[in-house]
Amino acid sequence: MNVKSQAERRVHRRYPVPTSVHVEHAASERTFPARAVDASCGGMLLYVPATTPVEVGQELRLTMSDVNQPQLVRMTGQYLSAKVRRVDRHALIRTGHLAIGVEFDEPIEV
């Protein structure tokens, strides 16, 4: 069986974007603060508070503050619709935050 690594499955290049993100969680009708770790034009990795009730498949609406990567600057201040694709609860041990991978409903043009 041929198993691809996480990096090999990615379609878009990831860039570090350490910035704050406002997360609107549709399932709970609540908002949460988050910290972007990295992003691409197709999705991003976020750290959210440990108590954030996210599950794979749930819909989110994200708003990012300043994005320091020229390739992704169009993300700044826009509403980005996304779905949760991965929830990494093991990150709690390392970071104290829940790590979630999200995929944008529409890729961001670069």
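For the structure I just gave you, tell me whether E55 is among the acidic types (D, E), surrounded by 14 or more Cβ atoms within 10 Å (Cβ to Cβ) and at negative phi. If you could, list the steps in order and put the result at the bottom.
Values: among the acidic types (D, E): yes; surrounded by 14 or more Cβ atoms within 10 Å (Cβ to Cβ): no; at negative phi: yes.
Here the answer is no, as E55 does not meet what is asked.
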- line: Of the residues in the stretch 17-45, those that are surrounded by fewer than 19 Cβ atoms within 10 Å (Cβ to Cβ), closer than 18 Å to Q71 by Cα and modelled with pLDDT of 90 or more come to S20, D38, G42
field: Any strands (runs of 3 or more DSSP E) falling wholly within the stretch 45-110 and containing at least 1 residues that are within 12 Å of F32 (Cβ to Cβ), in contact with a Pro (Cβ under 9 Å, 6 or more places away or on another chain) and touching a residue at least 12 places away in the same chain (Cβ under 8 Å)
entry: 98-104
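The values are calculated or read from the model by the stated rules, or taken from the named source; none is laboratory data. The structure displayed is predicted, hence computed values, not measured ones. Please note: Cβ atoms are built from the backbone with ideal geometry, for glycine as well, and neighbour counts cover all protein chains shown.
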